[in-house]
């Protein structure tokens, strides 16, 4: 069952206009494991209407980037989509804080946790996802992911021969 495209669009639009800033990034990277915690502040006036859309969009980004690990490939479908129900089943309220926690979803290793507190403290945590959390948040703020080309030779663009003597 597919979600209503207009409802998904409204959630994405709300997440995109929510005002938040990245305050602190921490994590560790090892050959066999990693973790990252990104602490943000969501503008207090945006918490009531922006928390759910942010959680939905981060969940969608995590799901889209996730791949199977171990025996989870049995449930993995390449062209699968993130759904409202996926978020709702993993969302709870703990002492006034919205908590979203996704481990494996339909064969995809998400290992993503998002918490949004009533005063705007907003934390995204990942396990074995390297530096994806900060990448998702920067994408939400409209920043593109750039790869360093330092030391790489950049090929010259071929001349079109138009207008040059």
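Miscellaneous remarks
- Test: residue in segment 70-82 that is assigned to a helix (DSSP H, G or I), out of contact with any helix residue (DSSP H, G or I) (no Cβ under 9 Å at 6 or more places or on another chain) and under 19 Å from residue 4 (Cβ atoms): no
- For segment 23-36, the set of residues classified as out of contact with any helix residue (DSSP H, G or I) (no Cβ under 6 Å at 6 or more places or on another chain) and in contact (Cβ under 8 Å) with a residue 60 or more places away in the chain consists of 27, 29, 33, 34, 35, listed by residue number.
- Among the residues of segment 39-60, the ones that are in contact (Cβ under 8 Å) with a residue 60 or more places away in the chain and out of contact with any strand residue (DSSP E or B) (no Cβ under 9 Å at 6 or more places or on another chain) come to 2 in all.
- Residue 52 satisfies every condition listed in (1) part of a loop (DSSP other than H, G, I, E, B); (2) at pLDDT 95 or above except (1).
- Top-ranked residue of segment 1-22 - restricted to ones that are in contact (Cβ under 8 Å) with a residue 40 or more places away in the chain and assigned to a strand (DSSP E or B), ranked as surrounded by the most Cβ atoms within 10 Å (Cβ to Cβ): 20
- Residue match in segment 91-102 (condition: out of contact with any strand residue (DSSP E or B) (no Cβ under 7 Å at 6 or more places or on another chain) and in contact (Cβ under 8 Å) with a residue 40 or more places away in the chain): no
The values are calculated or read from the model by the stated rules, or taken from the named source; none is laboratory data. These numbers were taken from a predicted model, which means no experiment stands behind them. Every residue, glycine as well, gets a Cβ built from its backbone with ideal geometry; the counts of neighbours run over all protein chains shown.
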